[in-house]
Structure formats: C-alpha cells, structure tokens
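Below you'll find the structure, written out as structure tokens, and then a few comments.
The values are calculated or read from the model by the stated rules, or taken from the named source; none is laboratory data. Just so it is clear, the model here is predicted, and its values are computed rather than measured. Virtual Cβ from ideal backbone geometry, glycine too; neighbours counted across all protein chains shown. Protein only, heavy atoms only, side chains kept; ligands, DNA and RNA dropped before computing areas. Shrake-Rupley method; radii C 1.70, N 1.55, O 1.52, S 1.80 Å.
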Amino acid sequence: RPKKAKQTLQTLLEDPLAFKRRALQRLFQTYPQRHFVLVGDTGEKDPQVYASMAQEYPEQVLAIYLRSVGRGAATNSVDVSYRVKQIMSSYGISSDKWKVFEDPSELETIDLPQLLLLKEQER
C-alpha cells in the first residue's frame with residue numbers, strides 16, 4: 001500500500017507535460033495501426049503535448065482540436081490562436097492539421113472519413 005500512495009503522490013506532483021506525453025506515447029505504441037484525433041484545451045500544456053505527439057507519430061495523429069480557454073479577462077481568442085499557431089509551427093505542424101475552437105458543438109463538424117481520406121492521400 002505505501003508504494004501506491006507514493007506513486008499517486010508522484011503522479012499528482014508530476015509536470016503535466018511529461019505525464020500527458022507518457023500516457024499518449026503508451027497509447028500510440030499499444031495501438032500502432034490506429035489513428036487518433038486529439039482533443040484538449042489551450043491550457044495545461046495540451047498544445048505542446050499534442051504538437052509533440054503529432055511530430056513523433058505523424059501517421060497516427062489525424063488532427064488536433066483545442067478548445068480556447070482564457071487566463072483572465074485580457075485573453076481573447078485571437079491571442080490564444082496566435083499562441084497556439086506559434087507552438088504548432090515550432091513543432092512543424094501545418095495549420096491544416098489543427099484547429100482552435102470556442103464551443104464544443106464545433107466538434108460535431110469533424111468529418112472523420114474525410115480526415116482518413118486525407119491521411120491516405122498524404123502517403
């Protein structure tokens with residue numbers, strides 16, 4: 001029991017970037033033939049994690065969708081989108097592979113068959 005408690009505490013104190021990267025790496029390595037659409041938000045390191053995963057596993061990541069979450073009244077969607085664009089560009093992720101959205105209903109427009117077709121055309 002003490003070992004589990006220690007592991008839980010370590011997980012809670014771990015850097016979110018490292019924790020999320022490791023969890024996604026396990027998922028991608030466990031299912032190497034599967035494709036994924038990564039959905040997260042613009043806080044808590046999701047843009048960096050997802051960009052690094054798309055760079056490391058380009059055949060498996062179909063798209064990245066990030067909900068815009070502000071940090072204070074001064075943050076607006078243009079600022080958030082610009083920051084995400086800088087992050088994605090720094091990892092070499094093209095703008096057609098990711099999108100920042102405001103409302104979850106926007107995810108209803110994801111066309112998975114089209115994403116898979118585009119992935120096939122890339123090959």
Here the stretch 30-45 yields Karplus 3J(HN,Hα) values (6.51, -1.76, 1.60; θ = phi - 60°; whole Hz; Gly and Pro given as x) of 6, 10, x, 8, 8, 10, 9, 10, 8, 10, x, 9, 7, x, 6, 6
With every protein chain kept in place and ligands, DNA and RNA left out, what is the accessible area per residue of the stretch 51-123? Probe 1.4 Å, answer in Å². 63
Given 34-47, 95-108, the highest-first ranking by average Cβ count within 10 Å works out to 34-47, 95-108
With labels modelled as points extended 7 Å from the Cα through the Cβ direction, what inter-label distance (nm, one decimal) is found for ARG83 paired with LEU115? 2.4
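Treat every Asp and Glu Cβ in the stretch 24-73 as -1 and every Lys and Arg Cβ as +1, leave all other atoms uncharged, and give the resulting dipole magnitude about the Cα centre to the nearest 20 debye. Each step should come with its number before you reach the end.
On the way: 5 positive and 5 negative charges, 20 e Å.
Around 100 debye, computed over the stretch 24-73.
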Once the convex hull of the C-alpha atoms of the stretch 58-123 is built, how many Å³ does it hold per residue, rounded to a whole number? 90
Filtered hits (aspartates and glutamates, Cα-Cα < 15 Å from LYS85, offset >= 8 within chain) -> ASP41, ASP46, ASP96
Need the full-extension length gain, VAL39 to ASP15, defined as separation in residues times 0.36 nm minus the C-alpha distance. One decimal, nm. 6.7 nm
